Each structure stands twice: as structure tokens, then as C-alpha cells.
1. Taking region 30-54 as the region of interest, how many residues are closer than 23 Å to PRO132 by Cα and of a type outside the set (Lys, Arg)?
2. Report every pair of residues separated by at least 6 positions or lying on different chains whose Cβ atoms are under 7 Å apart, first residue within region 260-280 and at positive phi, second open to solvent by 10 Å² or more (accessible area, probe 1.4 Å) and part of a loop (DSSP other than H, G, I, E, B).
3. Given ILE211, ILE223, ILE258, ILE267, which one is buried (at least 16 other Cβ atoms within 10 Å of the Cβ), in contact with a Lys or Arg (Cβ under 8 Å, 6 or more places away or on another chain) and more than 19 Å from ALA463 (Cα to Cα)?
4. Go through region 9-56 and give me each residue that's part of a strand (DSSP E or B), open to solvent by 30 Å² or more (accessible area, probe 1.4 Å) and of a type outside the set (Gly, Ala, Ser).
5. Within region 116-139, track down each residue that is open to solvent by less than 30 Å² (accessible area, probe 1.4 Å) and closer than 14 Å to LEU59 by Cα.
6. Name every residue in region 406-459 that is part of a loop (DSSP other than H, G, I, E, B), in contact with a helix residue (DSSP H, G or I) (Cβ under 7 Å, 6 or more places away or on another chain), at negative phi and open to solvent by 30 Å² or more (accessible area, probe 1.4 Å), in order of residue number.
7. Among the residues of region 191-235, count how many are of a type in the set (A, V, I, L, M, F, W, C), in a loop (DSSP other than H, G, I, E, B) and touching a residue at least 60 places away in the same chain (Cβ under 8 Å).
8. For ILE478, all conditions in the list (1) under 30 Å from ALA248 (Cα atoms); (2) exposed (fewer than 15 other Cβ atoms within 10 Å of the Cβ); (3) out of contact with any Phe, Trp or Tyr (no Cβ under 7 Å at 6 or more places or on another chain) hold save one; what is the number of the exception?
Amino acid sequence: MSSKTEKKVQIYEDLDNVEKYMKDRVGLGTSFDLGVRKIKVMQKQVHLYYVNGLCDSVLIAELLEQLLFLNDTDRKSQARNIFDIVENQLVHQSVQPIKKMDELVDQVLSGLIAIVVEGYNHGLVVDVRSYPGRMPQEPDTEKVVRGSRDGFVENIIVNTAITRRRIRDERLRFEIMRVGERSKTDIAVGYIDGVADPDLINIVIKELKNIKADGLTMADKTIEEFLLKQSYNPYPLVRYTERADVAATHLLEGHVVIYVDTSPSVIITPATFFHHLQHAEEYRQAPLIGSFIRWVRFLGVFASIFFLPLWFLVVLEPSLLPERLSFIGPNETTNIPIVVQIFIADLGLEFLRIAAIHTPTPLSTAMGLIAAVLIGQIAIDVGLFVPEVILYVSVAAIGNFATPSYELGIANKLVRLILLIVVAIFHTPGFFIGITVYLLFLIRTRTLNVPYLWPFIPFYPKAFAQILLRRTVPGNRIRPSHLHPQDRFKQP
């Protein structure tokens, strides 16, 4: 029998056939975590199918107790619909009927329990999911001095719940679907009806439903690659966040937010270049302080891209510097070209970053001390590096770390390395041509038909002013125009 035919099979009235289907199709009896509980209710066989580890065993025991209680009551089974009695006896807020065997399989593997009754060609599923996972806690990558300490976790139900806790609007929608032929990963598309652009919502849902893949084991990142078909563009076209308050803010602006089960971060679409430069800390401080933090961050990001190539350019052509700045540049000679030193130092920092990720926290601190004190100083003493190279590479690296978006920081590092190569080959013309090509590349980039550099290009003065200066919440009345919101005004 083909798979297409199997998916249309009605639930069998004979429970032996249901059990055989589960053994052949799902591996009941082979996989230790798949189970079935067989009971008799009012002279009828009842089977309950479940997956150990995904269900709350206490709730299952309570439901079984309620069903077995029917055997002690004075009911005439011949004159009653046993299925309706069983359904009515399930004391739970989420009980749904099912008719197909493939529905039964999908729901059981998702952590629900399926109940079938002898003599009936339909069944019931009860949501008793209790996924293993951690409790909401502050994300390591998006910490704030003041603010909430709850962040998203790997459970999609928890993630949508802590979002709805912040937006108690009856128009908040979470449309759920399953993607992946084998993984059947739950994905929820969140938006506010009447605010978000219907065309944007339809595009996102359509693209998600068109995903054809075995599984989404890498969760949100796989979704991004299918959704935007990014190819080898290094720049992130969506924004990730693990903070519920950040996701809620974007929902209120008119964004569409994608929740993927098993992922502690959500996808915010569409996201421009300047979305990746925002941080929740700016909105937890006074507007002036938030603007100051933002400007310092912009300076760090700018330094991470252009500072090192610019310094290398004046090293190659000291005549570009005025007399007062003639001290800039290496004061020592070395046998290794400066550009090679820069690449070695930059790649060395990348080695340390990767090693820190794969090293337990207590050891990573010691590793950082060894790298800073021993490797760096000894490399200078033996003549591998000149001190200025270590200084300026470190400044560029700090600018990378100051970038709120991890993905944007890595992309900026690649651009910096390419600019260094161009400057090494073409000197001054290469520097300016490289920057021009870089800007043209960003200008041509679009994310879900939104210009990547909006509102700088195309230029919208009022929107760009809000990027440069953090406005007060009462003064920020209009939603971003690039989202085409149905309701333009945040405050009625």
C-alpha cells in the first residue's frame, strides 16, 4: 500500500487493526518509548496510545481513573453511545476528535494521547504534553541591566504563552502548522490581526507551507534558509531574539514573528540592517541615555568594519596623514608583512572565540588569560607582531562584540577581511572602491521585498531620525511605514 493511500485510512473499528497499524507504521513494541494502555469500559475495549517522556503521566493516570469509574456506575451500555460517554468523561480542557489514522499517529508523536473505542471509526486526542526542557530565564546573548529576566525556551507552547502574557489583545493570532516530512516540527506564525500587513502574513505562511524537507533539526535557521533563499549572502535577512519583550514590541509594530518548536529564539520578519543594531537596553534607560548607548554602539560597529582597513591604508601610504597624526603606524620593523600580521591576529581571535564556545565556562576564563597574557605578549617579544597590530585588531574585535546581532557581527568581520585584501592590492583606490561596492551590495539587498537599508536608502527623514535618536514612547506614535501596517497609529 502506498503512503498516499495510508494517509487516507479511516480509524479502524476493530482495535486489533489499530494496534497492528501502530506496530507496522510507528514501531509500537519495537521502540521502548511508545506505549499502549488497554482497558475495558462498559464491556467495550478502549486503547490509549502515548509516548513516554512527552506526556504528563499524572494526567494520564487521572484520565484512566475517570474512565474506569464508568464501570462502577449503573449505565445501560446497550442503549447508549459509549464513545460519547467516554468523551464526556475525559475531564480535560483540550479534547479533540480525529477520524484518520495518520492524524492519530501525528498527534501521538507530538506528545498527545490518542483514545480509540471498539466499534467506532473515530477517536479522541487529549493534550497532556509535558515536554522536557528548562524554565524561562534571561538569554545570555541579550542581557539588560534592568528589565525582565524571562526569555524564550525550547517549548513552543511556553514561548507563545509568555508572548500572550505581554499582549492580551484578542486580535493576536498564532497560526500553527507542521513542517518536515519526518520531523513534523510545529511552527507558529504570530501577528496582530488588523495591524500586520495581510500580504506579508500570506507570503510567510505560503512559504512555510511550501517547505519540502525531511526535517528541521536546525529549527529556525533552516526555516530562514527556506523562507528567504539567502544563498551566500553573509548578512542576516531576519532578526533572531530570545527575549519575549523584544518579540512583543515587534508584533505591535506590525512584524510577523515565527515560533519554531525546539528553538529558544524566534524569527522576526522583515528585518532591516538597522534592526540588527537595536538592543533592549536602549529602551530600559532614559531617552537621552538610550541615544548615547545607541551612538556608542554605532561607533563600535563602524569601527569593526572600517577602522582596521583605514589604519592599514595609512600604514601603506603615510602621506595621507596630516603632520600631527604622523605617529600613527608601526614604529618597529618586522620581517612579516603588516597585512599578514593582521590576518594572523584576526584569525587568532576567531580561534579563541570558537574555542570559548566549545570550552566549559570555568576553563574558558583561564584560556582567555593565557591567550591575552602569554600568547599575545610572547608573539610581540619574538617579533611575530608589532604592538600596533594587536591594538587595532583588538579595537575591531571589541566593535564586533559590541554588535547586538551575532550574525551581523560575523558578516561585518568578513567584509573587513575583504576590505583588507582590496586595500593591500589597490591601496587608496581599493579602499574607496571596496566601500562603494559594499554599500551598493547592501542597497541591492532586500528582505521580503523591504530595502535592507531602510530608512537610510530610500531616505525617510522622520524614520531615520528615530534610528539616530531614541524617542520617548509617548512621542513615538506612528508604526514603521515599510511594514505597510493596516493601523498606522500606535496610540489611538
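1. Narrowing region 30-54 to residues closer than 23 Å to PRO132 by Cα: 30-37, 48-54.
Now drop any that are not of a type outside the set (Lys, Arg), which leaves 30-36, 48-54.
Result for region 30-54: 14.
2. THR262/GLU154
3. Numbers: ILE211 fails: in contact with a Lys or Arg (Cβ under 8 Å, 6 or more places away or on another chain); ILE223 fails: in contact with a Lys or Arg (Cβ under 8 Å, 6 or more places away or on another chain); ILE258 fails: in contact with a Lys or Arg (Cβ under 8 Å, 6 or more places away or on another chain).
None of the other options fit; the residue is ILE267.
4. Listed by number, the residues that qualify are GLN10, VAL36, ARG37, LYS38, LYS40, LYS44, GLN45, TYR50.
5. Across region 116-139, the qualifying residues are VAL125, VAL126, VAL128.
6. PHE456, ILE457
7. Of the residues in region 191-235, the ones of a type in the set (A, V, I, L, M, F, W, C) are 192, 195-196, 200-201, 203-205, 208, 211, 213, 216, 218-219, 223, 226-228.
Add one more test, that the residue is in a loop (DSSP other than H, G, I, E, B), and what stays is 195-196, 211, 213, 216, 218-219.
Next, only the ones that are touching a residue at least 60 places away in the same chain (Cβ under 8 Å) stay: 195-196.
So the answer is 2.
8. Result: ILE478 fails condition (3) only.
The values are calculated or read from the model by the stated rules, or taken from the named source; none is laboratory data. Every value quoted in this text rests on a predicted model; they were computed, and no experiment measured them. Here Cβ is always computed from backbone atoms with ideal geometry, including for glycine, and neighbour counts include all displayed protein chains. For the accessible areas, the whole protein counts, side chains as well, though only heavy atoms, and no ligand, DNA or RNA atoms are used. Shrake-Rupley method; radii C 1.70, N 1.55, O 1.52, S 1.80 Å.
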